[in-house]
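J.: This is the structure I have questions about; it appears just below.
Coordinate-derived values only; no laboratory data. Predicted model, so just to flag it, every value in this text is computed and none were measured. Cβ placement follows ideal geometry from the backbone for every residue including glycine, while neighbour counts extend to all protein chains displayed.
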Amino acid sequence: MARPLRSAGWVRPVPALTVLLLAGPVAAGLAGALLPAFGWMPALGGNALSLDPWRRLAEWPGLVAAVRLSVVTGLGATAISLAITLLIVAALQGTRAFALVTRALAPLLSLPHAAAAFGLAFLIAPSGWVARAVSPWATGWERPPDLLILGDPAGLSLIAGLVVKEVPFLLLMTLAALGQVSAAQRMTVARSLGYGRVTGWVKTVLPAVYAQIRLPVYAVLAYSMSVVDVALILGPTRPPTLAVQIVDWMGQRDLSLRLVAAAGAVLQLALVLGTLALWHGAERGLARLGQGWAAGGGRGRGVDKVARPLALGVAGLAGAAVLLGLAGLALWSVAGLWRFPDLWPASFSARHWQGQSRGVLDAVRTTALVGVLATALALALVIGALEAEFRARARPSRRFTALVYLPLLVPQVAFLPGLTTLALIVGLDGQVVAVTVAHLVFVLPYVYLALADPWRAWDTRCATIAHSLGAGPGRVLWAVRLPMLTRALAIAAAIGFATSVAQYLPTLLLGAGRVETLTTEAVALAAGGNRRLIGVWAVMQMLLPLVVFVGALALPALLFPRLKGMRA
Amino acid sequence: MTLELDRIAITRAGAPLVALSAHIAPGEVLTLMGPSGCGKSTLLAALIGALPDAFALSGRVRLNGQDITALPTEARRIGILFQDAVLFPHLSVGGNLGFALPRQTPDRAARIEAALADAGLNGMAERDPATLSGGQRARVALMRTLLAEPRALLLDEPFSKLDAARRAQMRSFVFDRARAKGLPVLMVTHDPDDARAAGGAVVDVRGAPVSL
């Protein structure tokens, strides 16, 4: 007998429940796409299996372009985001610029994709700040040029919009991984052998770090291939991306188009799986080449001279694009008359804020309600699952982590249409409950990613001491562990809330147009192109999670104003 | 109160690590010495019921004749002090002591203040533990352990992080109070001075006497 047996208590079933709540909707949604894709949808009178939906999908003239777009934007956005992330870490780690970059990460992470995309769109549009800054003196443009920059058929602006949001995510994941692979030691060894900073990092640290960030990279790839809201704002329109077209079919009055949408969803899933396999194969090839390269002994000291300024430039450019974009959104929301090519509005007006105030406040209420509910549920489940792991004295389960990633690896557009159909059948569509459960599927993984490391890094001697003082497992959890982890819990909650605020597709589909959040309303304005209106909604969409983030960072000092140990 | 280790044996993957029988009388200190990694701390973990799964334990642990081998940590009433004080950072000094004091204790504030006075820390109940010196933290940790009314005391190299001057003070502070309360003490250390100050028997993890 190794130790006295103690009942795990209420937390014992939580890991299984968590997996069920994550995998259940994904599996049900995929089934709900697979069956209609082959014509089986009794609600619409489809009782016989047929290939008709596939035939109609193949007849869509945009199919080839949409498939190409999905693969190109996915691979492009992922490769560029990963390259920028690794360049920044390899070249800048340990510098003051790096400390600045790390501090900017948390607020950047809380920024919804749609708000970042709108900001970028306002910046690079033919009538945006970039064009204004060089007109007319350099370009001769007296009016916005007739250039297809936004929604270019190659998807370049879509890739740019994805990159500015995925780099912060991958950076955060890389930073977390660095601590686990003794990166500093490896670098000391490499540099004492005469290796340059960047070459040394790539040869000694990257292989270990990449193994740790592989799942996040796959999540970025799956997301970039199938994103809907960013594609609606920055992506091409004729034809749109496959994901956008699927959502369009889902919303048509002709219900038979839902069968075509289901076939499209299955195709999207197959595309993502195929591209993930391609990426995985490329990883192996590169790893094999890399081994020979690393063993070749090249010190690459000259690389640093180029890599440092390059990393600084890229990080600065990405940061400036986001900041200027957001500033542009805010300025447009209060702009009166603003002629091209003026850099600044000629007059200001609060008219759009006043006109939208009622709608905005309603949307804030709904957004906050869904966000708080989904975050609270996710926190409870994640805490329960981690506590169950602790009480069972189990090692972190790799299978559990992989299952938590599942909703991030299966494209939203592949399983949410099917899930919506199921909600429709049981009469839950358009209800806050359905939207909250759908949000939970995406909020929970991020809450888990944010909380798991600090939870496991907690000094378990505190539990031993508390037990030896007579405290049972419940008291250790509530009176010792949770209060000590206040900071990590608050940040995890803020990340969860921001994830919920940013959700477009689950809100749109499960909400059936009746649950209106800041994100669904803002994205709905994209096609209209009224910049002042978009400015108002996008600013609110950006502010809500930001306010929560600032509150989360301030929480430990508010709760424990006189305890220094709680602020670290 | 007596602490009895009845043919305690700890193995790891079948390999024997600790094999020890001992009878520690009230107020007596048994010192366990040996190089790091020999299983000293593992034995303490076993005695409080927090042995990692990689180890297997046989034998019985008795406190005042009661077999406590199968009890969870919180039901054993064995106090433990580590080389770090491990004060809870989210509680004030008084809060840390209050955490240990049994719930139904009357006059909690007075008891806490009395414990602080006993440790030469008068009026420090509201202090942030992060602002205390190493010696002060060690004394708070001891008072916290004693307020939970333990029936035995385990010391895991509790003086090794203190500077030389404080170490002697803290040793007599701990041993005096354990003796006054009649607690059996098991101390793990690799410092011969600790063992000399304790004054009791000194053995290694196999129960063989160690000469200082």
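J.: If every alpha-carbon in chain B counts as one equal scatterer, what log10 I(q)/I(0) does Debye give at q = 0.14, 0.16 1/Å?
T.: -0.84, -1.08
J.: Can you give the FRET efficiency to the nearest 0.05 for A:ALA184 and A:LEU337, using r as the Cβ-Cβ distance and R₀ = 41 Å? Display every interim value, and only then the final one.
T.: Values: r = 56 Å, r/R0 = 1.36.
The computed FRET efficiency comes out at 0.15.
J.: When the helix-only estimate is applied to chain A (DSSP H runs of n ≥ 4, each -39,500 (n - 2.57), divided by the residue count), what is the mean residue ellipticity at 222 nm, nearest 500 deg cm²/dmol? The partial results should precede the final answer.
T.: Values: 23 runs with 398 residues, N = 568.
Roughly -23500 deg cm²/dmol at 222 nm, from the helical runs in chain A.
J.: Report the local net charge at A:SER468: Lys and Arg +1, Asp and Glu -1, summed over other residues whose C-beta lies under 13 Å from its C-beta.
T.: +3
J.: In addition: What distance in nm lies between label points placed 7 Å from Cα along the C-beta direction at B:ALA117 and A:LEU105?
T.: If labels sit at B:ALA117 and A:LEU105, their model points lie 5.2 nm apart.
J.: Here is a further query. Once both labels are modelled 7 Å past Cα along the beta-carbon direction, what's the A:THR460-A:THR139 spacing in nm?
T.: Distance between label points: 6.1 nm.
J.: What whole-number volume per residue, in cubic angstrom, does the convex hull of the C-alpha atoms of the stretch A:364-508 give? Please report the intermediate quantities before stating the final value.
T.: Working: hull volume 17.6 nm³, N = 145.
Per-residue hull volume (Cα only) is 121 Å³.
J.: Between B:ALA25 and A:VAL372, take the C-beta separation as r, use R0 = 56 Å, and let me know the FRET efficiency to the nearest 0.05. Walk me through the numbers before you get to the answer.
T.: Working: r = 59 Å, r/R0 = 1.05.
Between B:ALA25 and A:VAL372 the formula returns 0.40.
J.: Related question: Using Cα pairs under 8 angstrom and six or more residues apart, how large is the relative contact order of the stretch B:104-166, in percent? Kindly include the intermediate steps, with their values, before the conclusion.
T.: Values: 21 pairs, mean separation 17.4, N = 63.
Value for the stretch B:104-166: 28 percent.
J.: While we're on this one: Report, as an integer, the average count of C-beta atoms from other chains found within 10 Å of each Cβ along B:56-65.
T.: Working: counts 3, 3, 1, 0, 0, 0, 0, 0, 0, 0.
Neighbouring Cβ atoms belonging to other protein chains average 1 per residue here.
J.: Which whole-number value in Å³ per residue fits the convex hull of the alpha carbons of the protein assembly as shown? Mind showing how you got there, number by number?
T.: Numbers: hull volume 166.5 nm³, N = 780.
Hull volume normalised by residue count: 213 Å³.
J.: Among the trypsin sites (Lys or Arg not before Pro) in the stretch A:332-388, which ones are in a DSSP loop with at most 15 other Cβ atoms within 10 Å of the Cβ? Mind listing them? Walk me through the numbers before you get to the answer.
T.: Numbers: sites: A:ARG339, A:ARG351, A:ARG358, A:ARG365; in loops: A:ARG339.
Here the sparse-neighbourhood loop sites are A:ARG339.
J.: Next question, about the same structure. Please give me the summed charge of the neighbours of B:VAL202: other residues whose Cβ is under 15 Å from its Cβ, Lys and Arg +1, Asp and Glu -1. Provide the component values of the computation, followed by the final result.
T.: Values: positive: B:LYS40, B:ARG171, B:ARG196, B:ARG206; negative: B:GLU28, B:GLU157, B:ASP191, B:ASP193, B:ASP194, B:ASP204.
That sum, taken over residues with Cβ under 15 Å, equals -2.
J.: Determine the relative contact order of the stretch A:9-566: mean sequence separation of Cα pairs under 8 Å and six or more apart, normalised by residue count, in whole percent. Don't skip to the answer; put the middle values down first.
T.: Numbers: 802 pairs, mean separation 135.7, N = 558.
This gives 24 percent for the stretch A:9-566.
J.: Right, here's the next one. How far apart, in nm, are the 7 Å Cα→Cβ label points at A:TRP353 and B:ARG108?
T.: About 4.8 nm, to one decimal.
J.: Quick check: residue separation of A:VAL64 and A:ALA327 times 0.36 nm, minus the Cα distance between them. What number comes out in nm? Mind dumping the intermediate values first?
T.: Numbers: separation 263, 0.36 × 263 = 94.68 nm, distance 3.76 nm.
Going from the current span to full extension adds 90.9 nm.
J.: Relative contact order for chain B: what is it in percent, counting Cα pairs under 8 Å that are at least 6 residues apart?
T.: Working: 391 pairs, mean separation 68.5, N = 212.
Over chain B, the number comes to 32 percent.
J.: Taking R0 as 22 Å, what FRET efficiency do you get between B:SER211 and B:ALA54 from their Cβ-Cβ distance, rounded to the nearest 0.05?
T.: Computed FRET efficiency for B:SER211 and B:ALA54 comes out at 0.10.
J.: Per DSSP H run of n ≥ 4, the term is -39500 (n - 2.57); total these for chain B, divide by its residue number, and report the mean residue ellipticity at 222 nm rounded to 500 deg cm²/dmol. Let's see the in-between values first.
T.: Numbers: 7 runs with 70 residues, N = 212.
About -9500 deg cm²/dmol.
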